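Read through the structure below, which is laid out as structure tokens, and then see the notes.
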Amino acid sequence: MSGGLVKGLVVLVAAGGLLLGAAGCAKRDKAPEKAPVAEPSVKGTPPPADSPMAKVTPGMRPEDVIQVLGAPSRQSAYPTGKAFAPFYYGPDRWRSVYYYKGKGRVVFKGDGGFSSGSQVLYLEYDPTEPG
């Protein structure tokens, strides 16, 4: 084979490789994004309409819940799995729970335990709650 023919084949193979590479990088349609799954506002049995727990809605602040239900019998807080993700500073790193004796539990999401930035995530109506 002559040198010109070898050069021609190398150029042809290189050009084919570039074309295949470009085809692989071609813009593809994105898969349709799935809508985020919303947490239910009530887990378990919904509270009766005449119960003060029925007045608690998602997004309420802890101060608002205390105005409606009074001071909780007990409180607790725990980190979610997102709290351990590096560089995640979103609003769902902590959960806090207000326990109301004979009424149930109100679960808040927030950025740090009992902070004022917390909001009601959901409630669990439970008339057997010991508080």
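Readers should treat all values here as calculations from the given coordinates under stated rules, not as data from a laboratory. For clarity, every value in this text was computed on a predicted model and none was experimentally measured. Using ideal geometry, Cβ is built from the backbone for each residue, glycine included, and neighbour counts are taken over all protein chains shown.
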Q: List, in order, the whole-Hz ³J(HN,Hα) value for each residue of segment 63-76 obtained from phi through the Karplus relation with A = 6.51, B = -1.76, C = 1.60 and θ = phi - 60°; use x for Gly and Pro.
A: 4, 5, 5, 5, 5, 7, 9, x, 5, x, 5, 7, 9, 8
Q: Would you tally the net charge around residue 76, using a Cβ to Cβ cut-off of less than 12 Å, leaving residue 76 out, and scoring K and R as +1, D and E as -1?
A: +3
Q. From largest to smallest, what semi-axes in whole angstrom does segment 52-125 give when each is the square root of 5 times an eigenvalue of its alpha carbon gyration tensor?
A. 23, 11, 10
**Q.** Label-to-label distance, nm, for residues given as residue 55 and residue 82 (7 Å Cα→Cβ offset)
**A.** 2.9 nm
Q.
How far apart, in nanometres, would the label points at residue 45 and residue 73 be if each is projected 7 angstrom from Cα along the Cα-to-Cβ direction?
A. 1.5 nm
Q: Could you work out the local net charge near residue 100, counting Lys and Arg as +1, Asp and Glu as -1, over the other residues with Cβ closer than 14 Å to its Cβ?
A: +2
